[in-house]
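What follows is a set of notes on a single structure, which appears directly below.
The values are calculated or read from the model by the stated rules, or taken from the named source; none is laboratory data. It should be emphasised that the depicted structure is a prediction, and the values quoted were computed from it without experimental measurement. Cβ atoms come from the backbone with ideal geometry, glycine included; neighbour counts cover every protein chain shown.
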Amino acid sequence: MNFASDNWAGAAPAVMSALTRHNSGFAPAYGTDPLTDRISEKFNEIFEREVAVFFVATGSAANSLALAAYARPGGVIFSHSDAHIQVDECNCPEFMTGGGKLAGIAGADGKITPQGLGEAMAAYPDGVVHHGQVATVSISQATESGTIYTLEEIAAIKETARSRAVPLHMDGARFANALVTLGCTPADMTWKAGVDVLSFGATKNGCWCAEAVVFFDPEAAREFEYLRKRGGHLFSKSRFVAAQLDGYFEDDTWLAAAGHANEMAARLADGVRNQGGRTAWAVEANEVFPILKRRQFEALEAAGAKLYEWPAKGLSSNIAPAGDEVCLRMVTSFATTEEDVTAFLKVLSEAA
Ligand SMILES: Cc1ncc(COP(=O)(O)O)c(C=O)c1O
């Protein structure tokens with residue numbers, strides 16, 4: 001019963017066998033190998049246009065370097081206040097952007113709205129040197145609350161960003177989970193909706209360490225190679241990142257893995273609700289935030305379940321945990337089994 005995080009899972013079998021398959025012999029280093037070229041081509045195919053793709057090792061590096069590509073003197077980066085770039089990256093975006101400022105925007109369901117974004121950007125009018133200047137807007141898809149922006153919501157946020165001529169970044173640490181839920185194409189969920197640069201996450205969904213920064217305007221990526229190298233993310237044995245992605249894309253492993261993780265999350269949420277419980281936010285990807293009795297949480301921990309207590313910020317009073325309740329975070333992955341889900345729900349009902 002391990003629901004601690006999708007990055008607690010191992011690597012998917014297809015990824016591991018691709019690593020072994022591509023391990024023999026020699027290949028040019030630093031991303032100049034034929035496999036890196038082939039996987040870069042694959043990104044063009046997946047996104048239905050020519051993209052500039054750069055492999056990095058972590059989601060924090062992908063986000064921070066992507067934002068650094070659009071840095072400006074006195075630049076301000078706008079995102080939800082709970083965004084990973086705001087709370088979980090140890091000021092890496094500020095560091096990589098050379099002192100960029102992160103402006104957090106509150107918003108229900110882990111999402112920013114065009115109105116909230118417009119108001120936040122209004123505090124930084126063009127031409128007022130004292131306040132700094134708008135630089136980038138960043139959204140997470142799926143969000144840190146396990147919800148998903150619709151294509152219309154992304155396009156509306158882009159319109160607001162466009163009104164101030166700033167690019168839109170998407171933190172896609174759980175890109176595949178969101179994609180499977182929306183049932184659209186990768187192109188629809190990104191550049192067709194106005195995304196300029198994407199942190200394409202694969203680690204959480206079955207790779208070992210494989211993330212990519214994808215620019216939809218290759219011109220914007222002109223100097224990115226230098227940012228990545230300076231940031232310490234140009235791998236000498238880059239072929240092994242490409243190898244992971246080869247296994248990841250093979251036979252649509254990535255979509256199957258995300259579909260399975262989402263399905264397990266939906267079953268957990270249904271089970272909680274069937275027992276009269278509730279979740280803090282809608283379960284739209286592979287994260288579930290159940291609100292349980294504290295004694296149920298204790299029983300789950302005693303039974304060996306791994307899951308975290310979570311700050312239930314911004315919830316309306318009819319949803320927020322009562323005195324004897326606790327909000328938890330559970331994350332499913334390709335490795336979550338139906339038996340894990342059943343075992344969890346059994347402990348929950350016994351401790352009801
Ligand atoms: C929304 C989001 N973005 C990015 C990341 C990437 O983080 P890391 O640098 O740990 O790979 C995570 C991981 O928890 C995440 O949840």
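The set of residues from segment 196-236 being farther than 29 Å from Ala256 by Cα and of a type in the set (Gly, Ala, Ser) comprises Ala220, Ala221, Gly231, Gly232, Ser236.
Among the helices (runs of 4 or more DSSP H) lying completely within segment 162-245, list those that include at least 3 residues that are out of contact with any Phe, Trp or Tyr (no Cβ under 6 Å at 6 or more places or on another chain) and within 16 Å of the ligand (Cβ to nearest atom). Steps first, please.
Numbers: elements: 175-182, 186-189, 224-230.
The helices (runs of 4 or more DSSP H) meeting that bar are 175-182.
For every residue, the table says whether it meets (1) touching a residue at least 40 places away in the same chain (Cβ under 8 Å); (2) within 16 Å of the ligand (Cβ to nearest atom).
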position	(1), (2)
Ser5	yes, yes
Gly25	no, no
Pro34	no, no
Arg49	yes, no
Phe54	yes, yes
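Screening the candidates Phe249, Phe289, Phe215 for the property of being out of contact with any Lys or Arg (no Cβ under 9 Å at 6 or more places or on another chain) and at pLDDT 95 or above yields one hit, Phe215.
Just to verify a result, which residue in segment 137-161, among those that are part of a strand (DSSP E or B) and either under 11 Å from the mean Cα position of the chain (by Cα) or within 15 Å of the ligand (Cβ to nearest atom) (or both), is nearest to Thr203 (Cα to Cα)? It would help to see each step written out before you state the result.
As a first pass, look at segment 137-161 and keep what is part of a strand (DSSP E or B): 137-140.
Now drop any that are not either under 11 Å from the mean Cα position of the chain (by Cα) or within 15 Å of the ligand (Cβ to nearest atom) (or both), which leaves 138-140.
Working: Ser138: 20, Ile139: 19, Ser140: 16 Å.
Ranking the qualifying residues of segment 137-161, first place goes to Ser140.
For segment 113-136, the criterion of being within 16 Å of the ligand (Cβ to nearest atom), buried (at least 24 other Cβ atoms within 10 Å of the Cβ) and within 30 Å of Glu263 (Cβ to Cβ) is satisfied by no residue at all. The one condition from (1) at pLDDT below 95; (2) within 20 Å of Ser81 (Cα to Cα) that Gly127 does not meet is (2). So, of the residues in segment 253-312 that are of a type in the set (Val, Ile, Thr) and in a helix (DSSP H, G or I), which turns out to be nearest to Val347 (Cα to Cα)? Within segment 253-312, the match that is nearest to Val347 (Cα to Cα) is Val272. Evaluated against (1) surrounded by fewer than 20 Cβ atoms within 10 Å (Cβ to Cβ); (2) in the same structural domain as Val134 (by TED's automatic domain parsing); (3) closer than 27 Å to Gly104 by Cα, Ala4 falls short on exactly one condition, (2).
Within the option set Gly304, Gly277, being closer than 22 Å to Ala108 by Cβ, surrounded by fewer than 21 Cβ atoms within 10 Å (Cβ to Cβ) and over 25 Å from the mean Cα position of the chain (by Cα) holds for one residue only, Gly277.
Against the definition (closer than 22 Å to Ala155 by Cβ and surrounded by 18 or more Cβ atoms within 10 Å (Cβ to Cβ)), how does Ile105 come out, yes or no?
On the way: closer than 22 Å to Ala155 by Cβ: yes; surrounded by 18 or more Cβ atoms within 10 Å (Cβ to Cβ): yes.
Yes.
Of the numbered criteria (1) buried (at least 23 other Cβ atoms within 10 Å of the Cβ); (2) within 11 Å of the ligand (Cβ to nearest atom), the one Glu89 fails is (1). Candidates in segment 224-239 are the residues that are over 22 Å from Pro34 (Cα atoms) and touching a residue at least 60 places away in the same chain (Cβ under 8 Å); of these, the one that is surrounded by the fewest Cβ atoms within 10 Å (Cβ to Cβ) is Gly231. Of the candidates Ala202, Ala242, Ala178, Ala266, the single residue that is among the hydrophobic types (A, V, I, L, M, F, W, C) and surrounded by fewer than 19 Cβ atoms within 10 Å (Cβ to Cβ) is Ala266.
No other residue among Tyr30, Tyr70 is loosely packed, with under 15 Cβ neighbours inside 10 Å, more than 22 Å from Thr332 (Cα to Cα) and either more than 16 Å from the ligand (Cβ to nearest atom) or among the aromatic types (Phe, Trp, Tyr) (or both) apart from Tyr30.
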